[in-house]
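Structure, as structure tokens:
The values are calculated or read from the model by the stated rules, or taken from the named source; none is laboratory data. None of these values were measured; they are calculated from a predicted model. Glycine gets a Cβ as well: all are built from the backbone with ideal geometry, and neighbour counts include every protein chain shown.
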Amino acid sequence: MTLIPAQGNSHAFDLNIETVLEHWPVSNAIREFIANALDEHEISATDLPKIAKMADGEWSVRDYGRGLRYQHLTQNEDPEKLGHPRVIGQFGIGLKDALAVCHRRGVGVVIRSRHGTIRTTMQAKAGFSDVVTLHAAVSPPDDPEMTGTEVVLRGVADTDVEEAMSYFLRYSGDEVLEKTKFGEVLARASDSESGRVYVRGLLVAVEPNFLFSYNITELNAALRRALNRERSNVGRGAYSGRVKDILKASNNAVVAESLARDLAGFTSGTLHDELAWKDVAIHACRVLQSAASVVFVTPWQLPLAFVEYARRDGYEPVVVPEDIAKALRDVTDLDGQPMFDLGAFRRSWNESFQFEFIDPADLTDGERSIHDLGNELIRIVEIDLSRVGVDELLISETMRLNERGGETVGLFDKEARRIVIKRDQLRDASRYLGALLHEIEHAASGHGDGTLEFEDALTARMGVVAQMLVWAAPKVHGP
């Protein structure tokens with residue numbers, strides 16, 4: 001390697017840069033200096049870098065590692081960085097880019113270490129006096145005993161440094177919700193701010209409609225290729241696979257609950273982008289069920305009475321799209337239990353009934369007289385119970401066990417072909433007859449509580465009863 005003689009006791013190292021990176025602001029150049037300092041901290045296991053404004057208004061980025069050499073300006077792939085799991089930079093070109101941007105933007109740069117002092121200058125290429133490129137002027141060290149590397153910047157605004165620091169997770173203040181083998185799930189600062197995608201602590205993209213922010217620590221091939229071309233504004237196609245991997249590896253209940261709750265936004269168009277990934281949505285539901293008492297329902301099921309029954313029993317309804325609801329039938333939660341949808345709750349509801357049947361002979365006289373009114377009601381509505389699937393009309397002292405709210409007073413048991421009414425309804429004729437008529441219509445219509453079909457059928461049945469009563473009532477004439 002040959003250094004071109006320059007002014008004084010310095011030598012010029014050709015950076016082979018003319019005019020590039022026109023779109024990079026000064027903050028991007030400062031970002032590269034900070035990234036190099038953080039990488040050296042990780043590799044050499046030394047103190048964290050210091051970023052400080054000096055008394056003369058210049059800014060300093062200082063690490064405490066092994067010290068920069070001018071040879072680092074010529075590297076392409078850096079094997080040391082490629083093999084390290086936490087460093088940000090993978091290629092040596094970042095430093096050269098930063099020097100070029102600073103020169104183009106009129107920012108003075110001095111890089112100091114025990115190996116030498118580096119400044120930039122425009123100079124003709126060796127042997128080609130008509131071609132002028134950016135060179136690094138390398139001179140002997142100011143302090144041969146110096147620890148680490150210091151980059152001194154002259155002519156930068158405080159806002160440029162603040163913006164550069166904002167690119168790094170270390171300085172962002174973002175809260176880590178969960179760490180996985182692929183990376184970290186981060187809480188967004190607020191609803192008004194966008195989600196941020198970091199790669200090994202360096203911001204590469206902003207996602208306005210992400211529910212969370214992410215720090216990808218395990219790179220895949222697509223992401224490596226993208227970072228080789230550009231460190232900021234990386235396209236979603238490069239990192240979406242890893243974001244999915246992070247979420248599917250997540251077992252955190254807070255993360256899963258936020259994702260699952262967000263599923264309800266598909267009906268109002270407020271769904272965040274992560275939930276458009278079906279496998280992520282399914283995984284979130286699996287994690288959520290393992291951590292909380294939930295029941296998964298579709299939008300059309302939400303008005304059903306059984307949803308309210310589930311809520312009263314301590315289950316929180318989670319609204320999911322139809323395709324997710326269908327897919328949940330084929331998976332289990334993290335504990336290996338089947339996913340709990342409204343159909344599963346309905347089955348558990350039916351299985352939770354425990355009866356203590358009462359012989360009609362053991363009813364009190366008052367109860368028996370009200371019970372007999374039921375037979376008259378059946379006659380009035382002209383229903384053959386056996387034809388609609390009812391072979392028995394029973395009274396039970398008990399109905400459901402472990403109720404947490406509300407009370408079940410009647411039941412049509414389709415499989416057992418029976419209607420069961422709770423005994424305490426026999427205290428009042430209107431309550432008993434209302435409960436009986438309600439269950440008869442379940443049997444006759446074949447529809448469940450809360451459906452429009454059942455409401456229509458019950459309304460029609462009440463109309464029949466009312467008509468019979470009106471016809472049977474004596475005529476009332478005015479004076």
- Query: Assuming T408 fulfils every condition listed in (1) without any contact (Cβ under 8 Å) to a residue 40 or more places away in the chain; (2) within 20 Å of F454 (Cβ to Cβ); (3) of a type outside the set (F, W, Y) apart from one, which condition is it?
  - Reply: (1)
- Query: So which of T364, T398, T332 is closer than 24 Å to H283 by Cβ and of a type outside the set (F, W, Y)?
  - Reply: T332
- Message: Cβ-Cβ under 7 Å, sequence separation 6+ or interchain: first residue in region 353-379 and within 20 Å of D413 (Cβ to Cβ), partner of a type in the set (A, V, I, L, M, F, W, C) and surrounded by fewer than 11 Cβ atoms within 10 Å (Cβ to Cβ). Which pairs?
- Response: Q354/L401
- Going by the conditions given, is Q289 closer than 30 Å to F210 by Cα and of a type in the set (S, T, N, Q)? yes
- Conditions (1) surrounded by fewer than 16 Cβ atoms within 10 Å (Cβ to Cβ); (2) in a strand (DSSP E or B): number failed by D143: (2)
- Task: Give me a count of the residues in region 121-156 that are within 17 Å of V101 (Cβ to Cβ) and free of Cβ contacts under 8 Å to residues at least 60 places away in the same chain.
- Result: 2
- Message: Of all residues being surrounded by fewer than 18 Cβ atoms within 10 Å (Cβ to Cβ) and in contact (Cβ under 8 Å) with a residue 40 or more places away in the chain in region 434-468, which is farthest from P303 (Cα to Cα)? Just the residue, please.
- Response: M468
- For region 132-164, enumerate the residues that are of a type in the set (V, I, T), modelled with pLDDT of 95 or more and within 19 Å of H72 (Cα to Cα). T147, T149, V151, V152
- Inside region 157-182, can you point out the residues that are in contact (Cβ under 8 Å) with a residue 60 or more places away in the chain and of a type in the set (K, R)? R170, K181
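Per-residue answers, yes or no, for (1) closer than 16 Å to M339 by Cα; (2) in contact (Cβ under 8 Å) with a residue 60 or more places away in the chain:
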site: V254; (1), (2): no, yes
site: E257; (1), (2): yes, no
site: F266; (1), (2): no, no
site: H272; (1), (2): no, yes
site: A284; (1), (2): yes, no
- Given the residues V197, V204, V161, V185, which is the only one that is in contact with a Phe, Trp or Tyr (Cβ under 9 Å, 6 or more places away or on another chain), closer than 18 Å to G94 by Cα and in a strand (DSSP E or B)? V204
- Being of a type outside the set (A, V, I, L, M), in contact with a Leu (Cβ under 6 Å, 6 or more places away or on another chain) and under 20 Å from V204 (Cα atoms), is that true of even one residue in region 171-186? yes
- Task: Output the number of the condition that D456 fails; it satisfies all remaining conditions of (1) assigned to a helix (DSSP H, G or I); (2) more than 48 Å from the chain's Cα centre (by Cα).
- Result: (2)
- Residues located in region 51-62, provided they are closer than 21 Å to A137 by Cα and not in a strand (DSSP E or B): E58
- Note on the structure: Scanning region 369-399 residue by residue, the ones that are of a type in the set (A, V, I, L, M), within 24 Å of F306 (Cα to Cα) and part of a loop (DSSP other than H, G, I, E, B) total 2
- Query: Quick one: in region 102-131, which of the residues that are modelled with pLDDT under 90 and in a helix (DSSP H, G or I) is nearest to E58 (Cα to Cα)?
  - Reply: H103
- Item | Search result, residues across region 12-44 that are hydroxyl-bearing (S, T, Y) and modelled with pLDDT of 90 or more | S27, S44
- Does at least one position in region 389-411 carry a residue that is outside the structural domain of L259 (by TED's automatic domain parsing), among the basic types (K, R), over 30 Å from L275 (Cβ atoms) and surrounded by 16 or more Cβ atoms within 10 Å (Cβ to Cβ)? yes
- Task: Mind listing whichever residues of region 298-333 are under 19 Å from the mean Cα position of the chain (by Cα) and of a type in the set (V, I, T)?
- Result: V318, V319, V320, I324
- Task: Working only within region 21-37, note down all residues that are in a helix (DSSP H, G or I), touching a helix residue (DSSP H, G or I) at 6+ places or on another chain (Cβ under 7 Å) and among the aliphatic types (A, V, I, L, M).
- Result: V26, A29, I30, I34, A35
